[in-house]
Amino acid sequence: MMRLFLVLALVVASGFSANAACLSQSEAQQVVASGNAQSLGSVAASVQGEIVRAQLCEEGGRYVYQLSVLKNGQVTTVVVDASR
């Protein structure tokens with residue numbers, strides 16, 4: 001949980017980079033299968049709300065999930081560190 005807050009603080013301070021390279025579904029599956037990134041299921045527990053969209057992206061040499069989360073009737077974007 002603390003890791004999520006640190007990542008969110010970093011994102012708020014710096015913004016999610018438009019230069020982040022989001023992976024295709026097959027690329028994301030390969031990265032997770034190779035152990036270079038956590039599965040979406042393993043990071044989902046740290047997100048409050050319903051994940052309605054998820055993309056695994058590479059940003060600054062690390063992997064992050066860019067998530068659209070529905071909570072209290074509002075959809076917000078949350079970025080979570082996926083690197084191992």
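The values are calculated or read from the model by the stated rules, or taken from the named source; none is laboratory data. Since this is a predicted model, take the numbers as computed values, not measurements. Cβ placement follows ideal geometry from the backbone for every residue including glycine, while neighbour counts extend to all protein chains displayed.
Return the only residue of 84, 62, 53 being touching a residue at least 24 places away in the same chain (Cβ under 8 Å) and surrounded by fewer than 19 Cβ atoms within 10 Å (Cβ to Cβ). Among 84, 62, 53, only 84 is touching a residue at least 24 places away in the same chain (Cβ under 8 Å) and surrounded by fewer than 19 Cβ atoms within 10 Å (Cβ to Cβ). Selection of segment 49-84 for residues being among the basic types (Lys, Arg) and modelled with pLDDT of 95 or more yields only 53.
The set of residues in segment 19-48 being in a loop (DSSP other than H, G, I, E, B) and either within 14 Å of the chain's Cα centre (by Cα) or modelled with pLDDT of 95 or more (or both) consists of 20, 23, 24, 34, 35, 36, 38, 39, 45, 46, 47, 48.
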